Each structure stands twice: as structure tokens, then as C-alpha cells.
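One structure below.
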Amino acid sequence: MSKLIDFAAIKEIQRKSRQGEAGRLRKEFNRSYRALLDSSYEEIRDNVSGYISSTGESVTCAKGCAYCCEHFVSVPVSHAIVATDYLYASENAMSAFLRSYPAWLSAIEDNPAAKAVFDKLEEDTTLRAIVKQSSEELRSAYHHFAVPCPFLVSKRCSIYPVRPIACAAFFSLTSPEFCLAENEIPVVHFQSVPSPAKLKRMSELTNYRLWAHQESLPKLVYRLLTVGLPEVSREVDKLFNTPQQPGEDDPRP
């Protein structure tokens, strides 16, 4: 991806995102979503603690261990809005992401095999705005290309306080070296998710389309930064093929 990043345009999109009633609602949405997100992380930690206490297993993940950060991760648009606003508040994190994103995208698009797997994962995620469960084989195939997440900086997540639930919920119970993409030894993972009630509350904070529709985390955040939420929302409406009608406008993000 050779196109130069227009930082001035990104700043203008950021400025507009904070204007007027829409800006106020977006700020309120972020506050409510992050409160539920923090509560979800805590719930996940409690689930993991309960599991290892009852089984005698131990979590082997530690700081500096980033083998899982080469997986395909998708998020709802609503979560990507929160991640985008986190970048707005952290210029260092935003700059690091924008520097890393072109290399991440090129590593996928310049490798036909990797692109074919990535495209299939994206199709499963976004087709008709209905998320389908991708096969474990397909996700493992993508992991074997070992393309680091562009949010990874010195083996640390630059958006850790607002990381996807899928990332927060994923733990290894075997030696970290087993998580290497080229490793053939079976890896034992533990995965937890927040309660359905918690996820329902998160979904109700925003326009339902922006919760139902998911995309690859890096690509979605990059689009929110470079074209803005209104344009992304219009694209999502087209996927649902049911544009909002007069009188049903949802003022929330």
C-alpha cells in the first residue's frame, strides 16, 4: 500500500466527530461502552481464575508474549468506534498504528495464499452483515502466515485498555513456544466470554447495525480514521440492504 497517509484529513475527521449533538452522543456512548468493556474484562478474568482453580491448570501468557497477536480478529463497528476514539486520545498509539498499517496490509495482499485466506475470513465475517463461524482450520491457516497485528508495538498491544473481547478472552495453558505459528505441537487454549446479558447491554448502546456488522479490526479502524463514521455507517446500511427510513433515524453512533 503505497498511498501516503493524509494526517490533515484524519485530524479534520476527528474534529467533526466531536461536533454538536452527534459528538456529545458519541462521547456518552464511549463512556458507557468502556464501562461495560472494563466489566467484561473483569468477568473474563474471574472466569479464568475459577477455571484454573478447579482444574489445577496455569495460564502461561505473560508480558512480551505476543504469539496470539497474529490471529485474524474481527470486531463490531461499535467496538471499532471506541478503539478509534482511544487512538484520538493517544497520538503516539495512533502514529504507531498508521506507520504499521501499510506493512501489515502489504504482508497480506502481496502474498496470494495469505490474501485468499484473509479474504475468506472477511467474507465469513461480513457477508450480508451476518457473522458466520469460520472454521478452525481457516483461522489456523491465517495464523501460520505470522502477520503481526499493526496495533502491536514492541510486543505490547497499543490499544490494550480497549482491546477486542476476543483478545481479552484468549489464554494459553501450554508453553508459550507452542503458540509459534510454525509449531506443530498441539496448543491448549482457554477461551472465556462475557455473559449474554453483558453483550446484550453493549449491543443496545448503539445503532443495531453497527453492532451486528463486523470487520477485520485493523481495516475497520483504519477506515474510521480515514473516511469517518458517517461513511462507514452508509456502507453498513448497504450491506443490510435496508437503509434507514425517514422517521427511524437513530441519533446514536
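The numbers here are math on the coordinates, done by the rules we state, and not lab data. Please read all numbers here as calculations on a predicted model, not as lab measurements. A quick note on method: Cβ atoms are made from the backbone with ideal geometry, for glycine too, and the neighbour counts reach across all protein chains shown.
Table for the structure above
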{"read-out": "Net dipole in debye of the range 3-147 [+1 Lys, Arg Cβ; -1 Asp, Glu Cβ; about Cα centre; nearest 20]", "value": "660 debye"}
{"read-out": "Per-residue Cβ neighbour rank within 10 angstrom, fewest leading, Phe151, Phe171", "value": "Phe171, Phe151"}
{"read-out": "Total charge dipole magnitude, the range 27-240, about the Cα centre, Cβ charges on Lys, Arg, Asp, Glu only, Debye to nearest 20", "value": "600 debye"}
{"read-out": "Under-21-angstrom lysine pairs by C-alpha in the range 27-240, whenever the two are 8 or more apart or on separate chains", "value": "13"}
{"read-out": "Computed magnitude of the charge dipole of the range 1-62 (debye, nearest 20; Cβ of K, R +1, Cβ of D, E -1)", "value": "620 debye"}
{"read-out": "Filtered trypsin sites (Lys or Arg not before Pro), the range 18-127: DSSP coil and at most 13 other beta carbons within 10 Å", "value": "Arg18, Lys63"}
{"read-out": "Most positive-pole-ward Cα, Thr226, Phe72, Ala96, against dipole of the range 27-240 from beta carbon charges", "value": "Thr226"}
